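What follows is a set of notes on a single structure, which appears directly below.
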Amino acid sequence: MIEVDDKGHVDITDIIPDTMTSWSISAFAINTNHGLGVVKNPVALTVLKPFFVTVNLPYSIVKTEQAVVEVFVHNYLNQAQHVTVRVQNAQKDFIHSDLEVSKTVFAPSNSVKTVTFALKPKRSGNLTVTILADCSLATDAIQRNLRVTPGGLQYFENSARFIEVQNSSMSFDPIKLVIPRTATYGSVSITFSVEGFLLGAALTNLDHIIRLPSGCGEQNMLNLVPSVIALEYMDNTDTLTYGIKAKAIDYLQKGYQNQLKYKLRDGSFSVFGQSDGRGSVFLTALVAKVFTFAKRHITIDNYVIEKAFNWLRERQLSDGRFVESGRIYYKELQSGVQDGTTLTAYTLIAFLEHKSLTQKYLSVVNKGTEYIAKTYRFDGNPYSLALIAYVLQLAGHPRKHYFFRKLVELSKINEDRTMRWWGSGSTSIETTAYVLLTYMSRGSYIDAKSIMRWMVSQRYDKGGYSNTQNTFVGLQALGKYSRVMSLSNQNYDVFVNYDSERQRLHMNSTTSLVGHKFNIPSDVRQVKVDVEGTGAGVFQIAHKYNNIAHDSVPRFKIEKTLFKIRSDGVANMTIQAIYRPKKDFEETNMVMIEVMFPNGYVVTNSQLKQLEKNNQIRRSETADGDTRLILYLDPMRPNNPVYVDVEAFRKSTVLNQAPGWIKVYDYYDPTREAIEYFDPISN
């Protein structure tokens, strides 16, 4: 808002962006006497530079490829010009594949001429391409970023450990960094970091806590759950960091607005919104629970929350159980599907974690807890048992001790008895997190420490876990444990030993909030860590590398036609994916297909719209500058193939082109995946 003078005038001076385009300028004014005034007809302003250059280059290339940089010389001067165009290589990042490092082109008046350069990068990373153009009457320069990758798919590994010393020292077993010999040269990166509290990595990576697509109603909760946990933690421990708080509130507000897209008219929520037709008990319970926490920090319509809980109440059957009415994308919640105890327990958590709701919906809680306490029969699945033990503990049910003892019997312990966990495979994180929540609800803080240690050791470098549900429950459990940790006396040294080097990092009450981080040489394969002093925290060693080889057993069979390029620059391909289970009749959870096209190709909006006609695809989107296509599919059954026609447009030219890849995987179980590479073929 700008105040005008007593005559109603004001002068505004600003710089128009350096581009050739038209702008529409409008304005409105507010006056205490005359109210609101709006410009009747917006003013049109056309900006045109008489001489400038534009550039077309790929979004990214592999280090072994060459980028063909197209430079378009725009001459709108009133006379023809001989224009010299050159690529600046001050940082020596590129090898010029052309014999000439500069080229001269004749550009008539009111014309656009093209000059091309082939550049081969010397290193990976984000490189700057600088183009200079000059003629007798004018000059121009332009800079663009070119992302250079080592090639292949990127893999991430993380080793995290919990620190706790009291005027003492502790030594950790050496951590070995396993990097395959087939890793792409120059792709290895190793980072050491230490932080003074359990949620440090999660709090600083709220915007990308896990490396998975987040384009459906359940995945969008990634914008809410970590932020809620961060704010709850900071409020309860007086460790308020204003930068993190502002970011968390911003993500909460955006996540809340986005989540409303998946709300149905009856108050329920579904994974893909209106196209699902029916609400999901699983997702509605999650959303209602998180919204209730979130309203402590941002404005949320109480009617939205109340309607969601009322919808859940209406879904409860007379015997107390909940049965999924919507599409099932997460199969683990359907374990014990005959009696519905697992989903019933999951749903009741939303009512039980907020005491005011427990009283308001007491009949729902009582019927539900009685149902699972009487009906549940242990079938060997610790996931269901962990959920039920947590629910009965929250409800104060008489049988809570019985289920808790049963749960303890199923625990697994490492050799030195410092870590305890439950389950195996893709659900072990979530199962153990529910057990940790149960211990915390019982006040068994000391016994919970070994569980917390294991949870810390399994986390990824950004603070999350392998999928959304693991991350949601894992962060909630660690956040609850963090509140009982004393961080008032932080004064210890962390010694990082590798090869002949020894790095010392000091942690105190100030550095605990921000932590320390540094890179370790990429050829190191073993790191030893020692700690001396008083305090607690977490250290982690994260390493990443690229690899074309893939050694896991494929759980999907991928077949494809040739990726053929037409004369108009469009290339297409048909993909067939078939699920190959370990056991007969085993279904997947939600399936994802990602297609990374060869560099220079992009997916257009019209091509995305074509995919909407395929009823096997629930949602499609792009990433990485429209070079990567992401498809969301319903769960797959064995021998029921999925067919997808994909196409992309060659927007830029890349020489010595590396192949693209197709990846098919189960969103909730990363052990179920398959990868296939492909090359473009000209007709």
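Structural remarks
- Over 24 Å [Cα-Cα, the stretch 107-263], rounded percent: 64 percent
- Spatially proximal lysines relative to Lys7 (Cα-Cα < 24 Å; intrachain offsets below 8 disregarded): Lys40
- Each Lys and Arg contributes +1 and each Asp and Glu -1, all at the Cβ; summed about the Cα centre of the chain, the dipole is approximately 1280 debye.
- The value obtained for the stretch 174-305, namely the Cα convex hull volume divided by the number of residues, is 164 Å³ per residue.
- Proportion of all alpha-carbon pairs of the stretch 42-126 beyond 19 Å (%): 48 percent
- Candidates per trypsin sites (Lys or Arg not before Pro) in the stretch 44-139, loop by DSSP, up to 11 other Cβ within 10 Å: Lys92
- The stretch 341-494: translational diffusion in µm²/s, Stokes-Einstein, Kirkwood Rh over Cα pairs, 10 °C, 1.306 mPa s: 98 µm²/s
- Beta bridge orientation in the chain: antiparallel %, DSSP, nearest 5: 95 percent
- Short to long, the 10 Å bins of the Cα pair-distance histogram for the chain hold 3, 12, 19, 22, 20, 14, 7, 2, 0, 0 percent of all pairs.
- Taking amide H as placed 1.01 Å from N in the peptide plane, the amide H of Arg555 sits under 5 Å from that of Glu673, Ala674, each at least 5 places away or on another chain.
- Amide H to amide H, with H built 1.01 Å from N, Arg619 comes under 5 Å of Tyr632, counting only residues 5 or more places away or on other chains.
- Stretched out straight at 0.36 nm per residue, the stretch from Glu370 to Glu586 would grow longer than its current Cα-Cα span by 74.7 nm.
- Per-residue 3J(HN,Hα) values for the stretch 279-290, derived from phi via the Karplus relation 6.51 cos²θ - 1.76 cosθ + 1.60 with θ = phi - 60°, read x, 9, 4, 4, 6, 4, 5, 5, 5, 4, 5, 6 Hz in sequence order (x marks Gly and Pro).
- Within the stretch 253-358, trypsin sites (Lys or Arg not before Pro) in DSSP loop having at most 11 other beta-carbon neighbours inside 10 Å: Arg265, Arg296
- Residue-wise HN-Hα couplings along the stretch 171-178, as the Karplus relation 6.51 cos²θ - 1.76 cosθ + 1.60 with θ = phi - 60° gives them from phi, are 10, 9, 4, x, 9, 8, 9, 8 Hz; Gly and Pro carry x.
- Scanning residues 5 or more positions from Met419 or on other chains, those with amide H under 5 Å from its amide H are Asn414, with H placed 1.01 Å from N in the peptide plane.
- Taking the alpha carbon gyration tensor of the stretch 285-332, multiplying each eigenvalue by 5 and rooting it gives semi-axes of 24, 14, 8 Å, largest first.
- All distinct Cα pairs of the stretch 77-188 go into the 1/r average, and the inverse of that average, the Kirkwood radius, is 19.0 Å.
- Equivalent-ellipsoid semi-axes of the stretch 556-620, from the Cα gyration tensor, Å, largest first: 27, 15, 10
- Where GluC sites (Glu not before Pro) fall in DSSP loop in the stretch 386-442, at most 10 other Cβ within 10 Å: Glu415
- From phi via Karplus (6.51, -1.76, 1.60), per-residue ³J(HN,Hα) for the stretch 246-251 in Hz, x at Gly/Pro: 4, 5, 5, 5, 4, 5
- Cross-link reach list, aspartates and glutamates versus Lys557, counting only Cα pairs under 18 Å and skipping chain neighbours closer than eight places: Asp584, Glu586, Glu587, Glu594, Asp634, Asp645, Asp666, Asp669, Glu673, Glu676
- Semi-axis lengths, Å, the stretch 381-459, gyration tensor of Cα atoms, sqrt of 5 times eigenvalues: 20, 13, 11
- Per-q log10 I(q)/I(0), the stretch 519-635, q = 0.13, 0.14, 0.17, 0.21 Å⁻¹ (Debye; single scatterer per alpha-carbon; no solvent): -0.77, -0.84, -1.02, -1.31
- Computed P(r) (all Cα pairs; the stretch 585-641; 5 Å bins; percent): 4, 18, 26, 22, 14, 10, 5, 1, 0
- Gained length - Ile25 relative to Leu362, 0.36 nm times residue gap less alpha-carbon distance: 115.6 nm
- Å³ per residue enclosed by the Cα convex hull of the stretch 498-585: 275 Å³
Every number in this text was worked out from the coordinates using simple rules, so none of it is lab data. Not measured: the values here are computed from a predicted model. Cβ coordinates were reconstructed from backbone atoms using ideal geometry, including for glycine residues, and neighbour counts include every protein chain displayed.
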